[in-house]
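The values are calculated or read from the model by the stated rules, or taken from the named source; none is laboratory data. Predicted model, so just to flag it, every value in this text is computed and none were measured. Don't worry about glycine lacking a Cβ; one is built from the backbone with ideal geometry, like all the others, and counts go over all protein chains shown. In case anyone asks, the SASA skips ligands and DNA or RNA and just uses the protein heavy atoms, side chains included. Shrake-Rupley method; radii C 1.70, N 1.55, O 1.52, S 1.80 Å.
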Amino acid sequence: MPKSPIAPDTPLYNSRIIDTYIKLLKRKYSFVDVDEVLEYAGMKAYEVADQGHWFSQTQIDRFHAILTQKTGNMDISREAGQYTASPEAMGVMRHYVLGLIGPAKVYERIGKESSRFTKSSIYETRKLSRNTIEIKVKPREGVQEKQFQCENRLGFWDAIAKLFGKGIPRVEHPQGLFKGDDVCRYLSTW
């Protein structure tokens, strides 16, 4: 039986995701008018600044559509995922995180921490070896994510190893929602 879609205005994605994109825009795409992008997406700057605010799939879709148009970058979502490791995106927490843990621990905690960023999917992680982690992402009943959101996750997996000076990891994506599977499965090796 097919999943019935959730209401388009259901809040699913935390503002911290959009905040990273905005920081990337200001750093690399300063020619893009952030206020215009937010207005088109139905978002307000104060909502993005509020870490307790959540956006709907419709708002996220509109945000992505105008970003690709204004930047001319069809890979903006992966780039934004990778940007999460930058000092601008992480701020002072970057040094604290780096001092306490390594990439394996960060990947392992994704399943527990993902609910702070998204209500759209269930994340599960499993350590396969000293330097390989399996991550499974399954959408919640009725959620219809888009491929650019998968690309953003791929960028985020890239960022984790990069954050610890391990370079860009090898991320395999043997199963995917947009490949006909019911789950996105990633294998990250650094």
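Through the Karplus equation 6.51 cos²θ - 1.76 cosθ + 1.60, θ set to phi - 60°, convert the phi angles of the stretch 165-170 into ³J(HN,Hα) values in whole Hz; use x for Gly and Pro.
x, 9, x, 6, x, 8
Under 15 Å between alpha carbons, and skipping anything fewer than 8 positions from residue 112 in its own chain: which aspartates and glutamates qualify?
Of all the aspartates and glutamates, those that pass the test against residue 112 - Cα under 15 Å, at least 8 places apart if same chain - are 124, 134.
Tell me, what HN-Hα J-couplings in whole Hz come from the Karplus equation 6.51 cos²θ - 1.76 cosθ + 1.60 at θ = phi - 60° for each residue of the stretch 15-21, using x for Gly and Pro?
Per-residue couplings from phi come out as 4, 4, 5, 5, 4, 5, 4 Hz.
Classify the stretch 34-88 as rounded, prolate or oblate, taking a ≥ b ≥ c as the square roots of the eigenvalues of its Cα gyration tensor: rounded when a/c is under 1.5, otherwise prolate if a/b is larger than b/c and oblate if not. Walk me through the intermediate numbers first.
Details: a/c = 1.74, a/b = 1.11, b/c = 1.57.
Oblate, because a/c is 1.5 or more while a/b does not exceed b/c.
Is it possible to state the helix-based mean residue ellipticity at 222 nm for the chain, with each DSSP H run of 4+ residues giving -39500 (n - 2.57), the sum divided by total residues, to the nearest 500 deg cm²/dmol? What is it?
About -14000 deg cm²/dmol.
Using the heavy atoms of the protein chains alone and a 1.4 angstrom probe, what is the accessible area of the stretch 13-58 per residue in square angstrom?
53 Å²
Solvent-accessible area per residue for the stretch 91-190 at a 1.4 Å probe radius, Å²?
Counting only protein heavy atoms, the per-residue value for the stretch 91-190 is 53 Å².
Output the Cα-based Rg and Dmax of the chain in Å, rounding Rg to one decimal and Dmax to a whole number.
Cα radius of gyration and Dmax of the chain are 16.2, 48 Å respectively.
Beyond a 25 Å Cα-Cα separation, which of these cross-linked pairs lie in this structure: 44/138; 23/146; 119/166; 28/179; 28/138; 26/105?
Correct reply: 44/138; 119/166; 28/179; 28/138; 26/105.
Using per-residue counts of other Cβ atoms within 10 Å, averaged over each peptide, order 170-182, 13-25, 46-58 from highest down. Could the numbers behind the result be given before it?
Values: 170-182: 13.8, 13-25: 20.5, 46-58: 15.6.
Those peptides, ordered most packed to least, come out 13-25, 46-58, 170-182.
Given a 1.4 angstrom probe, I'd like the percentage of the accessible area of the chain that is carbon and sulfur, rounded to a whole number. Write out the running numbers ahead of the final one.
Working: 5320 of 10180 Å².
For the chain, the apolar C and S fraction of the accessible surface comes to 52 percent.
If 74, 43 are ordered by their accessible area, calculated over protein heavy atoms with a 1.4 Å probe, which sequence runs from highest to lowest?
Largest accessible area first, the residues go 74, 43.
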